[in-house]
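Report on the structure given below.
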Amino acid sequence: MSKKPIIVFEGIEGSGKSHHVSKVAKYLESKKIDYVKIREPGGSLNSEKIRKLILNKKSSFDKNTDLLLYLAARSENIKLIKKFHKKKIILIDRFVDSTIAYQHYGMGIDRKIINLINKFLLKNIKVDFTFLNVVNKKNLFQRLKKRKSLNRYDKFNINFYNKVQKGFLNLAKFNKKSYKIINSNLDLKKNEELILNQLKKLIK
């Protein structure tokens, strides 16, 4: 594995992935290790503009439009990822597997279409390791209640989130060597330690 890996944090809403991305970033800063942090949708300037459109509470896109907007945001990020690929550690809050989990498993869009466009966009870019954060129904809704503002993807019903999380777990099952499942229902500090220990192995 590259000493400057692409590390992705996946999971449904309220699973703690964004918290862990920030913790890893702070650790890398403390060790003066070069990294770049990206979120999807978002990251680059144009991708952030698309993010606002996708997540706006007043938006009501068709599922196919949603997919294409997410992939358009990714297209804008690819330049950024290519620029730092193998030069810096790249941390990504959601990436390719989120599109498969949400748009295929959650919304029923043909996976072949998603794979085809992702392959076209990514070319030789590959994720080195993924932390999948899982959460139960109780903690999911408790954490969403604490948010100051909710976006469009924070307002789906539990059946949708269940389908998406099962989709993520299915992806993890077929990528055991490059996936680590983090049970975010357990102690936060222990999970932080678990992730940092795995990170050290990836970049040593």
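We did not get these values from a lab; they are worked out from the coordinates using the rules stated. This one's a predicted model, so the numbers in the text were calculated from it and none came from an experiment. Neighbour counts are summed over all protein chains in view; Cβ atoms, including those assigned to glycine, are modelled from backbone coordinates with ideal geometry.
When only DSSP loop residues count, what trypsin sites (Lys or Arg not before Pro) in segment 6-52 have their Cβ near at most 16 other Cβ atoms within 10 Å?
For trypsin sites (Lys or Arg not before Pro) across segment 6-52 that sit outside H, G, I, E and B with at most 16 neighbouring Cβ atoms in 10 Å, the list reads 31, 32.
With n ≥ 4 as the cut-off for DSSP H runs, can you work out [θ] at 222 nm for the chain, using -39500 (n - 2.57) per run divided by the number of residues, rounded to the nearest 500?
-16500 deg cm²/dmol
Taking only Cα atoms and a 10 Å spring cutoff, compute GNM fluctuations for the chain and point out the largest among 22, 184, 30.
Among 22, 184, 30, the largest GNM mean-square fluctuation belongs to 30.
Take the alpha carbon atoms of segment 133-197, find their center, do the same for segment 37-51, and report the distance between the two centers in whole angstrom.
21
What do you get when you divide the Cα radius of gyration of the chain by 2.2 N^0.38 Å, with N the number of residues?
In units of the globular-protein estimate, the chain measures up at 0.97.
What is the extension gain from residue 201 to residue 166, computed as 0.36 nm multiplied by their sequence separation minus the C-alpha to C-alpha distance, in nm to one decimal?
9.9 nm
Which FRET efficiency, nearest 0.05, do residue 173 and residue 150 yield, Cβ-Cβ r, R0 25 Å?
0.25
For an R0 of 22 angstrom, estimate the FRET efficiency from the Cβ-Cβ distance between residue 59 and residue 157 and round to the nearest 0.05.
0.80
Helix by helix through the chain, keep the DSSP H runs that span 15 Å or more along the axis on Cα and average at least -1.0 on Kyte-Doolittle, and give those back in order.
17-30, 45-55, 63-84, 111-122, 158-173, 188-203
Would you please name the chymotrypsin sites (Phe, Trp or Tyr not before Pro) within segment 115-194 that are DSSP coil residues with at most 10 other C-beta atoms within 10 Å of their C-beta?
Of the chymotrypsin sites (Phe, Trp or Tyr not before Pro), the ones in loops of segment 115-194 whose Cβ has at most 10 other Cβ atoms within 10 Å are 174.
What length, rounded to one decimal in nm, is gained on full extension from residue 183 through to residue 30, with 0.36 nm per residue of separation minus their alpha-carbon distance?
Contour length minus the Cα-Cα distance gives 52.5 nm.
With an 8 Å Cα cut-off and a minimum separation of 6 or more residues, compute the relative contact order for the chain in percent.
So the answer I get is 34 percent.
Going down the list 49/82; 145/166; 52/163; 82/166, which pairs span over 27 Å between their C-alpha atoms?
In this structure, 82/166 exceed 27 Å between Cα atoms.
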